[in-house]
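Structure record follows, encoded as structure tokens.
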Amino acid sequence: MTKKQKHSEKLPTTIIVVGPTSFKWKVLTPFLKRAQVKLFFVDGGLIHQEKFQKKAPLLIKKAESIGDGDSSKKPMTMFKDDQNLSDLSYCLNLMSKETHIQTFLFVGFLGGRLDHQFFNLGEISRFTKTTDAQILLEDKIEFFPKGKIDVEIQGIFSLGSFEDNQIKIKGACLYKSKNWLKLPTLSSRGLSNVGSGKIEIESKSPLAVFYS
């Protein structure tokens, strides 16, 4: 294959980032069927490598691993030597340059140590400001940039912000607000709404939707 042919290869439009905690494989299934998918393991996420080898052997052939290797005995293909950054933060800094990506799916970053989970959410919230791509944490949390969004929700959901925010919400949900509603940092004010169809949300800062 010539260099020219290599450059003509299609770039990935979906990136799956795998962390060290457990997750349900069914979360991945719809994304594995997409045409252009790239797989990254973040350090200890390599604990799931064997599972991917069995269930997605073609995808794992071009997979990358990112980190300093302190949580995995296997060498990293992209080594982090800056201890001022967590492995996930380092990964997100690299991902922020991938302007062609339409969807980021993070699996294996929920559960486990509470401090790790909490700071992972904070890092991903900041990452939202660097991309227009869809950002999902399994099927439990979706991050959106500031602006207007339309989502289809059936059941209980909550809205959370990792910085002081203001939102408007209307459509098929129990609690609405036509005027700007203050949503302080990690406030419970957005807790436990109920959706029954299409909902429009407007936000002045990045916003997380938690699905029950």
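Side notes on the structure shown:
- Cβ pairs under 6 Å, 6+ apart, first in region 138-155 and over 24 Å from Trp25 (Cβ atoms), second open to solvent by 30 Å² or more (accessible area, probe 1.4 Å) and in a loop (DSSP other than H, G, I, E, B): Lys146/Lys204
- Scanning region 104-152 for residues that are in contact with an Asp or Glu (Cβ under 6 Å, 6 or more places away or on another chain) and more than 24 Å from Glu202 (Cα to Cα) gives a single hit, Val107.
- Qualifying residue in region 172-190 (condition: in contact with a Phe, Trp or Tyr (Cβ under 7 Å, 6 or more places away or on another chain), open to solvent by less than 30 Å² (accessible area, probe 1.4 Å) and not small (Gly, Ala, Ser)): no
- Flag if Asp139 is under 23 Å from Ser196 (Cα atoms), in contact with a Lys or Arg (Cβ under 9 Å, 6 or more places away or on another chain), open to solvent by 10 Å² or more (accessible area, probe 1.4 Å) and outside any strand (DSSP E or B): yes
- Some residue of region 119-128 being assigned to a loop (DSSP other than H, G, I, E, B) and open to solvent by less than 30 Å² (accessible area, probe 1.4 Å): no
- Complete set of residues in region 161-170 that are in a strand (DSSP E or B), open to solvent by 40 Å² or more (accessible area, probe 1.4 Å) and not charged (D, E, K, R): Gln166
- Taking region 197-212 as the range and being open to solvent by less than 20 Å² (accessible area, probe 1.4 Å) and either in a strand (DSSP E or B) or among the acidic types (Asp, Glu) (or both) as the test, the residues that pass are Gly197, Ile199, Ile201, Ser203, Leu207, Ala208, Val209.
- Residues in region 38-72 that are within 20 Å of Ile124 (Cα to Cα) and either open to solvent by 60 Å² or more (accessible area, probe 1.4 Å) or assigned to a strand (DSSP E or B) (or both): Lys38, Leu39, Phe40, Phe41, Val42, Glu64, Ser65, Ile66, Gly67.
- Apart from one condition, Pro75 fits all of (1) touching a Lys or Arg at 6+ places or on another chain (Cβ under 9 Å); (2) over 30 Å from Lys204 (Cα atoms); the exception is (1).
- Residue count for region 76-103 satisfying the condition of being more than 16 Å from the chain's Cα centre (by Cα) and not hydroxyl-bearing (Ser, Thr, Tyr): 9.
- Residues in region 92-116 that are free of Cβ contacts under 8 Å to residues at least 40 places away in the same chain, open to solvent by 30 Å² or more (accessible area, probe 1.4 Å) and not small (Gly, Ala, Ser): 8 in all.
The values are calculated or read from the model by the stated rules, or taken from the named source; none is laboratory data. A quick note: this is a predicted structure, and the numbers were derived from the prediction, not measured. So basically every Cβ, Gly included, is an ideal-geometry build from the backbone, and we count neighbours across all protein chains shown. Only protein heavy atoms, including side chains, enter the accessible area calculation; ligands, DNA and RNA are left aside. Shrake-Rupley method; radii C 1.70, N 1.55, O 1.52, S 1.80 Å.
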